[in-house]
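Read the structure below first, then the notes.
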Amino acid sequence: MSEPRLFGLVGRFASADSLTDAARQLRSLGYREVEAYTPYPIDGLDEVLRPRRRTWLPLLMFIGAVFGAVWGYFIQAWDEVLNYPINVGGRPHNSWPAFVVGTFEFMVLCAIAAGFFGLLASCRLPRLYHPIFAADDFDRASVDRFFLCVGARDPSFDPRRIRRLFERHGAERVSEVVA
Amino acid sequence: MTVIDLPPEAPIVEPGVDLRSVSATVADRVLQPKAPRWWWIGFGLSLTLLMVLVVAVFWLFLNGIGVWGVGIPVAWGFAIAEYVWWIALASGGTIVSALFYLTRSPWRSATNRIAESMLLAAAACAGLMPILHLGRPGLFYWLFPYSTVMGVWPQVRSPLWWDFICLLCYILMSIMFYYTGLLPDVATVRDLAQHRRKQIFYGILALGWRGTARHWRNQQVVYYIMCAIMAPMVISVHSVVGLDFAGGLTPGWHSTQFPPYFFFGAVISGVALVIMLTIVVRHGYAFENVITGYHLNAMAKVMLVGSIMLGYSYLWEGWGSIYGSDIAERTMFMDRIFGFYAPAYWVKLVLNILVPQLLWLPVVRRSELLLFLISGGIIVGMWLERYIIVIQSLHRNYMPSYWGTFYPTLWDWATLAGSIGLFLTIFFLILRLLPIVSIAEVREIIAKGGSK
């Protein structure tokens, strides 16, 4: 068995505001390996932790939509024009207005699928084990408490300094997490 | 079920509900070792009806669709009417969930999961109906546009094919949409579970959701865009169902108003079913302080708007037939209001248009009993509407020599009862296994002070 390695220092907060303040100060002190765990989305928290990092998910969904539209139209046109052409009431084989519905449906299906799987990928899910789950009281992170964790990998990681900072911002409890 | 006191500044969530209590209350309904008695009674009834469906489908597959009342000229019977009915009920779930997310109406948060669960259950019933209606149900996969060795391709210019693609995409998209919203809530259930087996079960379902700032932000972005896609998507689904009919040359079907007409029907019937299920869940699971009179009042207003829109369509349906120059169309309409199926027509008018006007009165919107009855009436009325559109139109076609009457058989009714059983079975299972209120969104409302 290998030595238990320190994963990080976790502070438990009772309110979203004190967590956001603590996170902001940690960032301004130069910490980079900071992560927050909250029971509901908090506006602007991600920008505090990772400023100027934009999410690529809307773009991915847009690409999914374009891909779906092209694919959907291609399937129908290939079917009706090239592979199995049938003359229906003298209409042209490539009767595009009749293909609009199918194209639309494939477009939105691919956009939603891109969003869904993109969401999982960007969140690095599924990942059933994570060291943070071993933190004290972490089951409350999805209920009524706000957790802030500074990773031990951070170059300026200093447990005593971080602990003081957490406590100054009203952390109810500060504990170490081992990986 | 009494009249709810609802002052104008009533909160969405009752005061006294905090982050822990809402999480614990909702998760407890899933985690409690024994389901309540009413759940067992409801689930037992649902299973019984499901058995009826199993027998009816078995008999159908053994003998062919001749066991139903369909024939010539009325070749589309209950199965198609019920297909439209179920898909309308499903669409209402998406409307409550996606459309009102886009309008930033926080009241949807406590009811959207009920609506989405209803959607999945109703979509399953809707998907089953056309397959049963096929003479050779085993060959339904011929509709898939894939390169087969048979050398046969579906005719993609047909509204029937569009409809198949719409329904297929709709079900797949609804599952992904549902799961995106569900993820944080299953994580809450996982964290509150005490027993090892439940922790593992919900742990796997939650996929390791940790609620980091990054998780939340991505989830919010994706969910918002998904709603923006699902809202027009659901309009397209039910409009295309309308095109199935508008594309046919039958009098009473061949009308340009069908796509919006069908969508209005989806609004009213879907919201009616959400209201009924919400009232059941609210009392059955004792969610009175999370799902408040505010929610029912808001949905009742949506239902009233749906009723008015539907009335507008009914008006034009009649006016177009009378004012138009097509004799067959006029004959069909006169038969619709005075003929063999006229009682169904007038009952649907009363149930869908007349009775819902009571919702103008605030006291009716606050009485759960009246809301439940009106909603139930609308669901019956919408079934009658589909029955009229499908069957009455076909029984008065252009040629008098092509007139005939449809009489449902026992197996028609058994399939109807059975599909209700399938719906309720799925819904009751979701009720038992997954959180039925969006916990994370209600937490957000509480954090913002329960404001509107």
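Can you give the percent of C-alpha pairs in the protein assembly as shown whose distance is more than 42 Å? For the protein assembly as shown, the share of Cα pairs beyond 42 Å comes to 31 percent.
Taking max minus min of the alpha-carbon positions on each principal axis, the stretch B:341-452 gives extents of 69, 37, 24 Å, largest first.
Shape class of the stretch A:52-142 from the alpha-carbon gyration tensor: prolate, with a/c at 1.5 or above and a/b greater than b/c. The charge dipole of chain B, taken about the Cα centre with unit charges on the Cβ atoms of Lys, Arg (+1) and Asp, Glu (-1), comes to about 1120 debye, rounded to the nearest 20. Contact order, relative form, for chain B: 36 percent (alpha carbon pairs under 8 Å, 6 or more residues apart, mean separation divided by residue count).
Just checking the listed ones, A:Pro41, A:Pro58, A:Pro92: in the Gaussian network model of chain A with Cα springs under 10 Å, the one fluctuating most is A:Pro92.
The alpha carbon radius of gyration of chain B, expressed as a multiple of 2.2 N^0.38 Å, is 1.01.
About its Cα centre, chain A has a charge dipole of approximately 620 debye under the convention of +1 per Lys or Arg Cβ and -1 per Asp or Glu Cβ, with nothing else charged.
Local charge for B:Arg210 was computed over the other residues whose Cβ lies under 10 Å away, with Lys and Arg +1 and Asp and Glu -1, and equals +2. Along the stretch A:170-179 the Karplus relation, 6.51 cos²θ - 1.76 cosθ + 1.60 evaluated at θ = phi - 60°, assigns HN-Hα couplings of x, 5, 6, 7, 10, 9, 8, 10, 9, 8 Hz to successive residues, with x for each Gly and Pro. What you get for the protein assembly as shown, charging only the Cβ of Lys and Arg (+1) and of Asp and Glu (-1), is a dipole of about 1420 debye around the Cα centre.
Sequentially through the stretch B:87-102, phi angles give Karplus couplings (6.51, -1.76, 1.60; θ = phi - 60°) of 5, 5, 4, 4, 4, x, x, 5, 5, 4, 7, 8, 4, 7, 6, 5 Hz, Gly and Pro residues having no value and appearing as x. Close amide H pairs (under 5 Å, H built 1.01 Å from N) link A:Gly8 with A:Ala152, A:Val177, residues at least 5 positions away or on another chain. Inter-part distance, the stretch B:184-225 to the stretch B:374-405, computed on C-alpha centroids, equals 46 Å. Which of the trypsin sites (Lys or Arg not before Pro) found in the stretch A:82-179 are loop residues per DSSP with 15 or fewer other Cβ atoms within 10 Å of their Cβ? Qualifying residues, ordered by number: A:Arg124, A:Arg127, A:Arg153.
Below 27 Å Cα-Cα, how many Lys pairs turn up in chain B? Only count pairs eight or more apart in sequence, or on different chains, if you could. Lysine pairs meeting both conditions in chain B amount to 4.
The helix-based estimate of mean residue ellipticity at 222 nm for the protein assembly as shown, built from -39,500 (n - 2.57) per DSSP H run of four or more residues and divided by its residue count, is -20000 deg cm²/dmol to the nearest 500. Inter-chain Cβ neighbour count for A:49-58, averaged per residue, equals 3 (cutoff 10 Å, partner chain atoms only). Pop a pseudo-label 7 angstrom from the Cα along the beta-carbon direction at both B:Leu410 and B:Thr256 and give the gap in nm to one decimal. Placing both labels 7 Å beyond Cα along the Cβ direction yields 4.9 nm.
Just so you know, all these numbers are worked out from the coordinates, no wet-lab data involved. Treat the numbers as computed from the prediction; the structure is a model and nothing was measured. Reconstructed Cβ throughout: ideal geometry from the backbone, glycine too, with neighbour counts over all protein chains shown.
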